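Enquirer: Structure below; questions to follow.
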Amino acid sequence: MAAPRVAIYPGSFDPLTLGHVDIIQRGSALFDSIIVAVLRNVEKSPLFSVDERLTMIRHTFRERGNVEADSFSGLLVDYASSRKATTIVRGIRAISDFEYEFQMALMNRRLAPSIETVFMMPAEEYSYVSSRLVKEVASLGGNVSGLVPEDVEKKLLERVLRRGE
Ligand code: PNS
């Protein structure tokens, strides 16, 4: 029997947006399983802790059996190998994403030639959505409904209101 095709979808997910959700849904239809892998990055000061981000991802995909959420540190390709993943999935929204993604994909290929990077496009309605902009809009009192899952929106509003106190 062929080995299951496992994909890794890595990122910061601070927080998960509907653009990420769209890519994960597309990936889960293409691969036997997809692991949403949250980077544990000590250098960044995130809005949500890694555990909070994992909880939000798990809640959003609680009914999709082949989507898993996990965290990792160190090299992505080492984590992918440890999880027997053969593919890295990355979303590309616009040409501006391409240069960074291209560099990362080729560096990852150099480090681990057997792991393939696959780029996927989200639905065009999410082509401008990023975690960074969502956080900025929410923190300035703007409406982010329709850009993030409902429970993420609730947590985002609680967090930015608490920060503003
Ligand atoms: O969503 P992001 O923040 O753009 O994701 C970037 C991520 C997590 C994919 C990238 O920073 C990464 O893979 N970091 C792990 C360390 C690593 O492997 N670095 C070499 C990549 S070429």
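Enquirer: How large is ³J(HN,Hα) for each residue in the range 53-67, as worked out from phi by the Karplus curve 6.51 cos²θ - 1.76 cosθ + 1.60 (θ = phi - 60°), to whole Hz, x for Gly and Pro?
Expert: Coupling constants for the range 53-67: 5, 5, 4, 5, 5, 4, 5, 4, 10, 4, 9, 10, x, 9, 10 Hz.
Enquirer: Using θ = phi - 60° and the Karplus relation 6.51 cos²θ - 1.76 cosθ + 1.60, list the HN-Hα couplings for the range 110-117 in order, rounded to whole Hz, with x at every Gly or Pro.
Expert: 5, 6, 8, x, 7, 9, 9, 9
Enquirer: So what are the ³J(HN,Hα) numbers for the range 97-109, from phi and the Karplus equation (6.51, -1.76, 1.60; θ = phi - 60°), rounded to whole Hz, Gly and Pro as x?
Expert: My calculation for the range 97-109 gives 6, 5, 4, 5, 5, 5, 4, 5, 4, 6, 5, 5, 5 Hz in order.
Enquirer: Considering all projection directions equally, how large on average is the shadow of the alpha-carbon convex hull of the range 86-132, in square nanometres?
Expert: Values: hull surface 14.4 nm².
Projected over every direction and averaged, the Cα hull of the range 86-132 covers 3.6 nm².
Enquirer: What are the semi-axes of the equivalent ellipsoid for the range 5-85, taken as the square roots of 5 times the Cα gyration tensor eigenvalues, largest first, in whole Å? Display every interim value, and only then the final one.
Expert: Values: eigenvalues 73, 53, 18 Å².
Those come to 19, 16, 9 Å.
Enquirer: Let me ask something else. 5 Å is the cut-off here: which amide hydrogens, built 1.01 Å from N in the peptide plane, fall below it relative to Thr117, excluding neighbours closer than 5 in sequence?
Expert: Ile88
Enquirer: Mind ranking 4-17, 101-114 by how tightly packed they are, going by the mean number of other C-beta atoms within 10 angstrom, highest first? Numbers along the way, then the final one.
Expert: Working: 4-17: 21.4, 101-114: 13.4.
Ranked from most to least packed, the peptides come out as 4-17, 101-114.
Enquirer: Okay, moving on. Just to verify a number: what accessible area does Asp78 come out at with the full protein assembly present, 1.4 Å probe, Å² rounded to tens?
Expert: Only protein atoms counted, so the area is about 90 Å².
Enquirer: Let me ask something else about it. So for the range 6-164, averaging the separation of alpha carbon pairs under 8 Å that are six or more residues apart and normalising by length, what relative contact order in percent results?
Expert: Values: 222 pairs, mean separation 46.6, N = 159.
Dividing the mean separation by the residue count of the range 6-164 yields 29 percent.
Enquirer: At 1.4 Å probe size, with no ligands or nucleic acids counted, give the accessible surface of Arg40 in Å², nearest ten.
Expert: Arg40 has an accessible surface of roughly 110 Å² with all protein chains in place.
Enquirer: Check which residues have an amide H placed less than 5 Å from Val36's amide H, if you skip close sequence neighbours.
Expert: Tyr9, Glu68, Ala69, Asp70
Enquirer: So what is the accessible area of the chain per residue, in Å², with the probe set to 1.4 Å?
Expert: Per-residue accessible area for the chain comes out at 59 Å².
Enquirer: For Ala123 paired with Phe102, estimate the spin-label separation in nm (one decimal), with each label point 7 Å from Cα along the Cα-to-Cβ line.
Expert: 3.0
Enquirer: Using amide H atoms built in the peptide plane, which far-off residues or other-chain residues are under 5 Å from Val148 H to H?
Expert: Leu18
Enquirer: How big is the chain along each principal axis, measuring the range of its Cα positions in Å and listing the largest first?
Expert: On the principal axes, the chain reaches 54, 34, 32 Å in Cα extent.
Enquirer: Suppose only helical runs count, i.e. DSSP H with n ≥ 4. What mean residue ellipticity at 222 nm does that imply for the chain under -39500 (n - 2.57) per run, divided by all residues and rounded to the nearest 500 deg cm²/dmol?
Expert: On the way: 6 runs with 72 residues, N = 165.
Result for the chain: -13500 deg cm²/dmol, rounded to the nearest 500.
The values are calculated or read from the model by the stated rules, or taken from the named source; none is laboratory data. These numbers come from a predicted model, not from an experiment. Here the Cβ is made from the backbone with ideal geometry for all residues, glycine too, and neighbour counts use every protein chain on show. All accessible areas refer to the heavy atoms of the entire protein, side chains included, with ligands and DNA or RNA removed. Shrake-Rupley method; radii C 1.70, N 1.55, O 1.52, S 1.80 Å.
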